[in-house]
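Each reported figure results from applying straightforward, stated rules to the coordinates on display, with no laboratory input. Keep in mind it's a predicted model, so treat the numbers as computed, not measured. So basically every Cβ, Gly included, is an ideal-geometry build from the backbone, and we count neighbours across all protein chains shown.
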Amino acid sequence: MPDALGTPATPFWDARYAEEAYAYGTAPNAWLASQASHLPASGRALVPASGEGRDAVWLAEQGLTVTAVDLSAAGLAKTHRLADARGVDVATVHADLRTWDWPLAEVDVVALSFVHVEPHVRSDLHRRALAALKPGGLVVVEGFHIGQLVYRAVHGSGGPGRADMLFTADLLRADFEGADVLALEETETTLREGAYHDGLAKVVRGVFRKRA
Ligand SMILES: C[S@@+](CC[C@H](N)C(=O)[O-])C[C@H]1O[C@@H](n2cnc3c(N)ncnc32)[C@H](O)[C@@H]1O
């Protein structure tokens, strides 16, 4: 249920994350994990809208110093539980990304998995994500393609039911304009990411590198 500013309201996410199981699983997003060889061995990673922390914890396991930001306290509590179980540290920030004081040219990697918000919030969030990177830093992003509206109806594979919250490759290219495009594709994939991302889906995946 979107709030007055158009972002899914905190109670929605807190209720989802109140379940014992991890809504999107405890393994990292598969696209992010596939980029492991391109990640630096050390440095800082930022995970905006980190949910229950699956990507944040995995990035910490790769040797990065990770900050996870989400508006759901329940998601952040599960992030700490997962980090403890895996023996890594993740710094969590309970904040709304629309008003958060984002870092500027400080981080090496930003991971954005399935962060679907209102169009004006999305473009600002993507702009701030790029600005948070040091020159040469990477944004690794995956979200549902606009065609997912059909897949979620037919295959029940998740995502928002609003076309204007979904992605295309052109939209990501425009949002990260000025960055080098290392990878960008619209593809069909079978998601196995917990109960809420399960089944045949249409996604957009990208890796963008901030220019020096
Ligand atoms: C579909 S979940 C994805 C979570 C995580 N990225 C993953 O893939 O496991 C979307 C997340 O975005 C967060 N979110 C949405 N709008 C936000 C905002 N304005 N500020 C902070 N977090 C937000 C929600 O709380 C939720 O955890």
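Considering only A95, V66, S37, the residue lying farthest towards the positive end of the dipole of the chain is S37, judged by Cα position with unit charges set on Cβ. Excluding the sites themselves, what is the longest stretch of the chain that contains no trypsin sites (Lys or Arg not before Pro) in a DSSP loop with at most 15 other C-beta atoms within 10 Å? The answer is 1-161.
Between the range 59-88 and the range 143-196, the alpha-carbon centres lie 24 Å apart.
Sequence-distant contacts, meaning Cα pairs under 8 Å at least 6 residues apart, place the relative contact order of the range 14-112 at 31 percent.
Under 1.5 on a/c is rounded, so check that first for the chain, then, if it is not, pick prolate when a/b is larger than b/c and oblate when it is not; a ≥ b ≥ c are the square roots of the alpha carbon gyration tensor eigenvalues. Verdict is rounded for the chain.
Over the chain, what is the percentage of antiparallel beta bridges among all DSSP beta bridges, to the nearest 5?
Values: 21 of 39 bridges.
Here the antiparallel bridges make up roughly 55 percent for the chain.
Every helix of 4 or more DSSP H residues in the chain counts as -39500 (n - 2.57), and over all residues that averages to -8500 deg cm²/dmol at 222 nm. Backbone geometry of the range 87-92 corresponds, through the Karplus equation with coefficients 6.51, -1.76 and 1.60 at θ = phi - 60°, to 3J(HN,Hα) couplings of x, 10, 9, 9, 7, 10 Hz, x marking Gly and Pro.
Think of each Lys and Arg Cβ as +1 and each Asp and Glu Cβ as -1; about the Cα centre, that makes the dipole of the chain roughly 300 debye.
Taking packing as the residue-averaged number of other Cβ atoms within 10 angstrom, the listed peptides 165-172, 36-43, 107-114, 140-147 run from highest to lowest as 107-114, 140-147, 165-172, 36-43. In this structure, the amide hydrogen of L133, modeled 1.01 Å from its nitrogen in the peptide plane, lies closer than 5 angstrom to those of A105, E106, V107, counting only residues at least 5 positions away or on a different chain.
Over the chain, Cα pairs under 8 Å with separation of 6+ residues give a relative contact order of 19 percent. In order along the range 115-121, the phi-based Karplus estimate (6.51 cos²θ - 1.76 cosθ + 1.60, θ = phi - 60°) of 3J(HN,Hα) comes to 9, 10, 9, 4, x, 6, 6 Hz; Gly and Pro are listed as x. Computed from phi, the 3J(HN,Hα) profile of the range 172-177 under the Karplus parametrisation 6.51, -1.76, 1.60 (θ = phi - 60°) reads 5, 4, 6, 4, 9, 4 Hz, with x in place of Gly and Pro. Going by neighbour counts of Cβ atoms within 10 Å, the residues Y24, Y17 line up, fewest first, as Y17, Y24.
Counting only other residues whose beta carbon sits under 14 Å from that of A174, what net charge do I get with K and R as +1, D and E as -1? Provide the component values of the computation, followed by the final result.
Details: positive: R122, R127, R173; negative: D124, D170, D175, E177.
So the surrounding residues net to -1.
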